[in-house]
Structures are given as C-alpha cells and as structure tokens.
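The next block holds one structure in the form of structure tokens; read it before the comments.
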Amino acid sequence: MAKPVQVEVWNPNGKYRVVSTKPMPGTRWINLLIEQDCRVEICTEKKTILSVEDIVALIGDKCDGVIGQLTEDWGEVLFSALSRAGGKAFSNMAVGYNNVDVNAANKYGIAVGNTPGVLTETTAELAASLSLAAARRIVEADEFMRAGHYDGWLPNLFVGNLLKGQTVGVIGAGRIGSAYARMMVEGFKMNLIYFDLYQSTRLEKFVTAYGEFLKANGEVPVTWRRASSMDEVLREADVISLHPVLDKTTFHLVNKESLKAMKKDAILINCSRGPVIDEAALVEHLKENPMFRVGLDVFEDEPYMKPGLADMKNAIIVPHIASASKWTREGMATLAALNVLGKIKQYPVWADPNRVEPFLDENAPPPAASPSIVNAKALGI
Ligand SMILES: NC(=O)c1ccc[n+]([C@@H]2O[C@H](COP(=O)([O-])OP(=O)(O)OC[C@H]3O[C@@H](n4cnc5c(N)ncnc54)[C@H](O)[C@@H]3O)[C@@H](O)[C@H]2O)c1
Ligand SMILES: O=C(O)[C@H](O)CO
C-alpha cells in the first residue's frame, strides 16, 4: 500500500475535492476554487518530484480533479486512478504537456488542461536574457569579478558578439518563438530567419513594418525569411533559439550533425524542452568550439545535466526558470485551477486559448469556462 502523503487542506467541507500536487504561487487560484464549493488539498511533501505512487496516494478514493506539474508522469496509471476516484479533470500547470499521455486521458474521459498565453512574454524574455548573457559573456565576467581577478581595463577582456545587424534564427515560431523574435528584431535590430511547420504571417508582417519604419528614418532596414529547412537556419543564423513543442519530430532536433552545420561562434539558446538537444553531443561541441556559446534553461535528463556540461565556460545554465515571473506563475496557477473547475462544473471550453486576460483580471470574476483543454475535441466538449 502507498504511504500517505502530507497535505494542507482548505475549505474541508467543500463538495468537490481538488488536489494540487504542489503549492503554487498566489492565493487567487485557491479562493476561486473555494468560492465554487471545492475542498482544496495541496501536497506539502518536501521532495521536489513526486512519484506516480505518491500521486496515486494523493488521488485516494474520491477526487474530482487534479492540478499537476510537468515533472510528473501522467499516463495510464494516474488517469485510471483518477477515473476510479470519480475524477474528470486534470490540468498541467504548464503550457507544455509532453509529460501527459493524452490518449490515456481520452480513454478515461478525463479533460487535460494546460496554461498557454500567460507565459509567452516571460519565457521569451528569459530566452532574450540568455541570448544577451551569452553574447556578452556576462556570467563568465561576473565570476571573474567575484574571484578578484579584475586588475584593470584591457582591450581584450571578455570580448563578445554585437547583436545589431546579425541574424537571429528561431526554430518553432509559435507564441513564444514569435515573441522572442520580435524582441530580438525590435530591440537589437537583428534580421530574422525562422523555421516552423506553419507560416507565421503576423511575425512576418511585424518585421516588414519595422523594417519600413527603420528605412523611413534613414536606418538600415531589418529583414525576415522563412526557411524551407531547419538546416538553413542553423547555417545562417548568429543566434539560434529553440521554441518548438517536444514530440517525436523534435526529439534531438539539434544533434551532432546539426551542431556542425552552425557557425563556429554561434549562440544556441534552449528554453523549450531539454530533449530537443542531444546534450551529450552538445557538450562535445562546446569542448571542441570554445567560441560557440549556449544558454540553457532546460536539460535532457532534468534535473540532471550530462557529464561535463557544468564545467563548460561557454555554457550558461539556469534551472528551468523561463516562466518564473510572479505575474506569470500566479496566472499559470489560476488558469490550471480554472481548467479543472470548468470541467467539474461542466462549463464550456474558452474559444481562444491564447486570449486568457479575462481569466487573469483580479478585479472581476473569471468567465464560466475552462481556459484551455487540449483534448476538448476528442472528448466532444
Ligand atoms: N522553459 C520553460 O520554462 C518553458 C516555458 C514555456 C514553454 N516552454 C516550452 O515551449 C514550447 C512552446 O510553447 P509555445 O507556447 O510557443 O507553443 P506553440 O504551440 O505556440 O509553439 C510551438 C511551435 O513549434 C512548432 N513546431 C512543432 N513541431 C516543429 C518542428 N518539427 N519543427 C519546427 N517547428 C515545430 C509549431 O508549429 C508551433 O508553431 C512548449 O511546448 C513548452 O515545451 C518552456
Ligand atoms: O511548459 C511550460 O509551461 C514550462 O516549461 C514551465 O513554465
């Protein structure tokens, strides 16, 4: 039998039992659930990643819905346990849901929610921060100062790359990739090359209009191009940022061969999912190409790193914090809670999962809808 898991209980007499596998930022999400007659149970176990067994214990005999995390393995075992407990709703507190077996959820008629729209800019800003930090060697320089090595200005000290006029390459120009592209184009006057399965017309229009604006002001216009293959982006771009979903088509999208195709002094940023890069191949590439720099928010075997990565001066590594702004994390918690609540209350699914502002307005009640259910069609809701 699974051992009991520690929880904190809100509104013990609530009719619907909703479990959150982690404490989440803010209290609005808790209040919204309580106002709608939910008993909210928040797991307070100290360990960071809960096992499937822990979550089965949390679900227990009666559970209407669960808010879970991207570190958890939501597959057959958990969805069957949730279904046995009478549950009909699950939401990841994340936009990515590669940790969820949606087919298994479909089998048990369980809605799967995610949280798009509220983390686009925050995540793009971290990708931009890593791009700048890598280009200007900020982390290396900071370590150098703290170690007391600075004994005066030198012409060759921490010389990096100028972004202005260079080419930024985006692989996966969806919500986050497009927001990042705009930041780099508008902020640093970089030219854009992107690769996506779909055309990003809005992004193209934006760069065209900005280029015309620059030209009208006597400046060199920025340009854009949609590449017909990822390789084109790898060969041509000076800074490449990865923003696709993780699925079979993007696993090890960047591998030994693709790394070789990139410029020797290129910068590679990954704020999508770790397995999009073959991390062992990346470590070898960083060793062989000291001018090549990388900024990583995500790792192939998270929370672990491949041997050697932590020793590389040309790598900047941060612990999956791309969506970690207060506003975004509180918003993600709210959206995840409302996904679960919406299914419990049999509300319809919101028509446009990218337009989530009405759910985030602290001064007004949220719409009676689930903000984003990825298997809505399959479940006929
Ligand atoms: N590091 C973080 O904290 C963090 C935060 C948010 C999102 N993410 C990750 O970023 C991903 C993207 O988020 P989003 O909101 O921009 O999603 P999105 O669906 O708007 O964009 C993903 C884009 O990837 C494209 N794509 C899919 N397969 C591709 C392929 N084989 N080659 C090229 N492009 C391909 C899609 O067409 C789409 O335009 C999420 O799925 C998640 O995994 C990470
Ligand atoms: O997919 C996501 O939402 C992130 O990885 C966490 O913000």
Lone unmet requirement of (1) open to solvent by 20 Å² or more (accessible area, probe 1.4 Å); (2) touching a residue at least 24 places away in the same chain (Cβ under 8 Å); (3) of a type outside the set (Val, Ile, Thr); (4) within 21 Å of Leu253 (Cβ to Cβ) for His320
(2)
Selection from region 157-171 of residues that are surrounded by fewer than 24 Cβ atoms within 10 Å (Cβ to Cβ) and within 20 Å of Ala227 (Cα to Cα):
Gly165, Gln166, Thr167
Considering only region 266-284, state which residues are under 14 Å from Lys256 (Cβ atoms) and β-branched (Val, Ile, Thr).
Ile277, Val283
Matching option when the condition is outside the structural domain of Asn255 (by the TED database) and over 30 Å from Lys47 (Cα atoms), among Val340, Val356, Val374:
Val356
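Residue by residue, here is whether (1) closer than 14 Å to Asn375 by Cα; (2) in contact (Cβ under 8 Å) with a residue 40 or more places away in the chain; (3) within 16 Å of ligand 1 (Cβ to nearest atom) holds:
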residue	(1), (2), (3)
Gly75	no, no, no
Leu82	no, no, no
Gly86	no, no, no
Ala89	yes, yes, no
Met93	no, yes, yes
Gly96	yes, yes, yes
Asn99	no, no, yes
Val112	yes, yes, yes
Output for Cβ contacts, cut-off 7 Å, separation at least six or different chains, first residue closer than 17 Å to Phe90 by Cα in region 327-339, second open to solvent by 10 Å² or more (accessible area, probe 1.4 Å) and among the β-branched types (Val, Ile, Thr), reads Asn339/Ile373
On the given criteria, is Asp231 within 16 Å of ligand 2 (Cβ to nearest atom) and among the charged types (D, E, K, R)?
no
Can you say whether Asn156 is more than 26 Å from the chain's Cα centre (by Cα) and polar (S, T, N, Q), as far as the supplied structure shows?
yes
Just to verify a result, which residue in region 190-216, among those that are out of contact with any strand residue (DSSP E or B) (no Cβ under 9 Å at 6 or more places or on another chain) and closer than 11 Å to Ala173 by Cα, is most open to solvent (accessible area, probe 1.4 Å)?
Arg202
Using the structure shown, decide if Thr27 is open to solvent by 60 Å² or more (accessible area, probe 1.4 Å) and touching a residue at least 60 places away in the same chain (Cβ under 8 Å).
no
Selection within region 325-378 - under 17 Å from Val19 (Cα atoms), β-branched (Val, Ile, Thr) and touching a strand residue (DSSP E or B) at 6+ places or on another chain (Cβ under 6 Å):
Val340, Ile344
Out of region 178-198, which residues are within 10 Å of ligand 1 (Cβ to nearest atom) and more than 16 Å from Ile269 (Cα to Cα)?
Asp196, Leu197, Tyr198
For region 58-94, name all the residues that are open to solvent by 20 Å² or more (accessible area, probe 1.4 Å), under 26 Å from Asp301 (Cβ atoms) and in contact with a Gly (Cβ under 8 Å, 6 or more places away or on another chain).
Leu70
Of the residues in region 262-289, those that are surrounded by 24 or more Cβ atoms within 10 Å (Cβ to Cβ) and of a type in the set (S, T, N, Q) come to Asn270, Ser272
Residue selected from region 18-50 under the condition assigned to a strand (DSSP E or B) and not basic (Lys, Arg), by the criterion farthest from Glu8 (Cα to Cα)
Cys38
Set Leu246, Leu259: member being in contact with a Gly (Cβ under 8 Å, 6 or more places away or on another chain), under 30 Å from Tyr97 (Cβ atoms) and either open to solvent by less than 20 Å² (accessible area, probe 1.4 Å) or touching a residue at least 40 places away in the same chain (Cβ under 8 Å) (or both)
Leu246
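The values are calculated or read from the model by the stated rules, or taken from the named source; none is laboratory data. The model shown is predicted, which means the values in this text are computed figures rather than measured ones. When we count neighbours, we look across all protein chains shown, and the Cβ atoms used for this are built from the backbone with ideal geometry, even at glycine. Accessible surface areas use protein heavy atoms only, side chains included; no ligands, DNA or RNA. Shrake-Rupley method; radii C 1.70, N 1.55, O 1.52, S 1.80 Å.
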